[in-house]
1. ALA180 - would you say it is of a type in the set (A, V, I, L, M) and touching a Lys or Arg at 6+ places or on another chain (Cβ under 7 Å)?
2. Return yes or no: is PRO308 touching a strand residue (DSSP E or B) at 6+ places or on another chain (Cβ under 7 Å), crowded, with 18+ Cβ neighbours inside 10 Å, at pLDDT below 95 and under 30 Å from SER58 (Cβ atoms)?
3. Scanning the range 213-262 for residues that are out of contact with any Pro (no Cβ under 6 Å at 6 or more places or on another chain) and in a loop (DSSP other than H, G, I, E, B), which turns out nearest to ASN173 (Cα to Cα)?
4. ASP265 - would you say it is assigned to a strand (DSSP E or B) and at pLDDT 90 or above?
5. Among the residues that make up the range 382-400, is at least one of them within 28 Å of GLY35 (Cβ to Cβ), modelled with pLDDT of 95 or more, of a type in the set (D, E, K, R) and surrounded by 14 or more Cβ atoms within 10 Å (Cβ to Cβ)?
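The values are calculated or read from the model by the stated rules, or taken from the named source; none is laboratory data. A quick note: this is a predicted structure, and the numbers were derived from the prediction, not measured. Positions of Cβ are generated from backbone atoms using ideal geometry, with glycine treated the same way; all protein chains shown enter the neighbour counts.
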Amino acid sequence: MQPRCTLARMTGMLFALMLPAAASAYQLDYLFEFGIEHNTNVNLSETDPQGANILEPSFGFNIKQEGSTVQATANGLVQYRDYLTGDFSDDFRGQLAGHLNWTMVPERLNLTVEDYAGVQPINELQPNAPSNQQQTNVFAIGPTLNFRLGPTVRGEAELRYINSYAEKTDEFNSNRLAGAVRAIKDLSETRTISANITDQRVDYIQSNIGQPDYSRYAVFGRYTDKWTKIDLTADLGYSWLHYTDRLDDRDSPLGRATLTWHYSDRSTFGLNAAYQYSDAASDMMIGADIPNIPTNIATGDATTTSEPYLERDLSVNYAYAGDRLGFTVAPYYRKLDYSEADPTQIGLFGAGQNQTGKGALAGITYLLRPLLSTGLTATGENLRYDTIDRTDKTWTIAAFLRQQWTRNWSWHVQLSHYDRNSTAVGQSSHQNVAYFAITYTR
């Protein structure tokens, strides 16, 4: 895996975040971790598993800047994997979620810069082995104009240039121009309604991939409310897909909802639902932000193509945070229908696979002593590829123990088991991993 492009983009984004903040204070948290892993089946092969011992030094960071002119957040992790045994090449991995807002004219004009880097599969139908991983990056930049339409109505107009890039998969590489116009009415200090018109033009960089350029339009109303214990955002409208070289344009209702209920100081419920047109690059931008320093770089599960799909998504979650005990559970359902986007490409490599996924994530932690904690995490998914009549059932369970030596130094050990049972010949596998690391955190 070639790290140069991703590392250059991450370094450039960090300079963009830090240089405007040089004149004012910003918060920088970071960690250095040195880990060693024993993996019994690195290549995730059903018939010829190859184990390896791997050294994994990594550097993670979290930057926050809250100024009158510049507001910025960024977190990321860079990791080097040195395979001491086995027939695998050493590699770098990088992950970044960065957002910068520069107020050029107060209450009038802002410039936004975003960058999201991660690791995704080359072919989602193949095992998540090192040979089937690639760096991806989504970069966006553009202005937002704010204006007044009345005493309680304000307007927004935004324009974004977006570039999506993957190291190996040309179908993901695209240039985009996105625009939006909004009229927002303040109903109270906590409630707003808005009318929204959005448009995104997607042009593939490679002209020989067999997929037509397209535009995605949407018109919808939005309602937001922020009560003492409940946060709600709901969208309702309609959307269209228009292709450059095809006559069979598509359209669909649009609906989205996000609900967070802080039932008590310790218990929180969440709900997310969506019925909309989307694509992998858009999802990477929406789902990349996390509040803290990442602790690992996980390979995603996106189909690395810019081809659009009709998404039906429903997930709920519950989290409890006690003095010593904490746990979370999050079941979900997701259906991606690429046939709504381009029926001539379904089933081809590099094109999206219609799929239906059902699963759940769960985790529990317990504080044994003030500086010693343990925990257990588990994930399970039943993923059906509808077009090719294939079902993959996967689950992972992991147990960990973490000891905080001092304010800055800690160690942790983790044991995990992964199992994949597929109806496709040769695609089932299992894997055991033992990992030990020493971490310095500031």
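1. Details: of a type in the set (A, V, I, L, M): yes; touching a Lys or Arg at 6+ places or on another chain (Cβ under 7 Å): no.
Spelling it out, it is not the case that ALA180 is of a type in the set (A, V, I, L, M) and touching a Lys or Arg at 6+ places or on another chain (Cβ under 7 Å).
2. Details: touching a strand residue (DSSP E or B) at 6+ places or on another chain (Cβ under 7 Å): yes; crowded, with 18+ Cβ neighbours inside 10 Å: yes; at pLDDT below 95: yes; under 30 Å from SER58 (Cβ atoms): no.
No.
3. Applying the filter and picking the extreme gives ASP213.
4. On the way: assigned to a strand (DSSP E or B): no; at pLDDT 90 or above: yes.
No.
5. Narrowing the range 382-400 to residues within 28 Å of GLY35 (Cβ to Cβ): 394-400.
Filter once more, keeping what is modelled with pLDDT of 95 or more: 394-400.
When the remaining residues are screened for being of a type in the set (D, E, K, R), the result is none.
No, that holds for no residue.
This table checks each residue for (1) touching a strand residue (DSSP E or B) at 6+ places or on another chain (Cβ under 9 Å); (2) in contact (Cβ under 8 Å) with a residue 40 or more places away in the chain; (3) of a type in the set (Phe, Trp, Tyr).
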position: GLY357; (1), (2), (3): yes, no, no
position: THR391; (1), (2), (3): yes, no, no
position: GLN404; (1), (2), (3): yes, no, no
position: TRP409; (1), (2), (3): yes, no, yes
position: SER422; (1), (2), (3): yes, no, no
position: SER429; (1), (2), (3): yes, yes, no
position: THR441; (1), (2), (3): yes, yes, no
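Yes/no matrix, rows are residues, columns are (1) farther than 22 Å from PRO127 by Cβ; (2) assigned to a strand (DSSP E or B); (3) within 25 Å of the chain's Cα centre (by Cα):
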residue	(1), (2), (3)
VAL42	no, no, yes
GLU56	no, yes, yes
GLY60	yes, yes, yes
THR73	yes, yes, yes
SER89	no, no, no
PHE92	no, yes, yes
LEU96	yes, yes, yes
HIS99	yes, yes, yes
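Table: residues versus (1) farther than 20 Å from ARG81 by Cβ; (2) at pLDDT 85 or above; (3) among the charged types (D, E, K, R).
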site	(1), (2), (3)
ARG9	no, no, yes
LEU14	yes, no, no
LEU17	yes, no, no
ALA22	yes, no, no
ASP29	yes, yes, yes
GLU37	no, yes, yes
VAL42	no, yes, no
PRO49	no, yes, no
